[in-house]
Amino acid sequence: MVRDDGGLYRATPIGYIVFDESIEAQIRNDLNLTETEKYQLVMARRGQGRFRQAVANIEPRCRITGLADMQHLRASHIKPWRVASNLERLDGHNGLMLTPHIDHLFDQGYISFSDEGDVILSASLGQEAAQVFGIFNGLSTGSFSDMQKAYLAYHRDNVLRIL
């Protein structure tokens, strides 16, 4: 939770909301996109639509917890939405279905995956959190496709916390 200037607590810092709205405005104003493409890109960012379905077709459950109940899973971008191209934003291979707590760890760079599917923990992730979440270095989650491996390389190089 973050406290804003008005004294309200928010789950998402205001800066992120403004940044996301700015990207959504760019999409809406892009003359090279059809109205359908604009809608799909905006819905993909909001965790709905074509991206979520494309990810679910490839990743039908959370890689770490094994949960398959879609109402409790998030379609998480491997290469973050804010730096991905429009095609990458909708590519199902650029996503994983994750439970919210695992999505947080992945999105914030506390965990990543090797090409072989082994969990990689950041040294920034506290031992208590790793134990409570039941994750550890080398936890095997299954193999990835070649297309997923390319996105995962980006995640390891640019999102995974080094410290």
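The values are calculated or read from the model by the stated rules, or taken from the named source; none is laboratory data. If you're wondering where the values come from, they're calculated on a predicted model, not measured in any experiment. As a convention, Cβ positions derive from the backbone with ideal geometry for all residues, glycine included, and neighbour counts pool all protein chains shown. Note: areas computed on protein heavy atoms with side chains; ligands, DNA, RNA excluded. Shrake-Rupley method; radii C 1.70, N 1.55, O 1.52, S 1.80 Å.
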Could you list, ordered by first residue, the pairs with Cβ atoms under 9 Å in which the first is in region 78-101 and more than 20 Å from Leu160 (Cβ to Cβ) and open to solvent by less than 10 Å² (accessible area, probe 1.4 Å) and the second is of a type in the set (A, V, I, L, M, F, W, C) and not in a helix (DSSP H, G or I), at least 6 apart or interchain? Gly92/Ala75
With the structure loaded, tell me whether Arg74 is open to solvent by 40 Å² or more (accessible area, probe 1.4 Å) and among the charged types (D, E, K, R) or whether it fails that test. yes
From the residues in region 103-129 that are in contact with a Phe, Trp or Tyr (Cβ under 7 Å, 6 or more places away or on another chain) and either assigned to a loop (DSSP other than H, G, I, E, B) or modelled with pLDDT under 95 (or both), which one is nearest to Arg74 (Cα to Cα)? Gly117
Evaluation of Arg61 against (1) open to solvent by less than 90 Å² (accessible area, probe 1.4 Å); (2) within 20 Å of Ser112 (Cα to Cα) (one fails), failing number: (1)
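Answer yes or no as to whether Leu67 is part of a loop (DSSP other than H, G, I, E, B), without any contact (Cβ under 8 Å) to a residue 60 or more places away in the chain, over 30 Å from Leu33 (Cβ atoms) and open to solvent by less than 30 Å² (accessible area, probe 1.4 Å).
The answer is no for Leu67.
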Tell me yes or no: at least one residue of region 146-163 is modelled with pLDDT of 95 or more, in contact with a His (Cβ under 6 Å, 6 or more places away or on another chain) and open to solvent by 30 Å² or more (accessible area, probe 1.4 Å). yes
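Does Phe133 qualify as being at pLDDT below 95, over 29 Å from Tyr39 (Cα atoms) and buried (at least 16 other Cβ atoms within 10 Å of the Cβ)?
yes
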Among the residues of region 130-163, how many are assigned to a loop (DSSP other than H, G, I, E, B) and basic (Lys, Arg)? 1
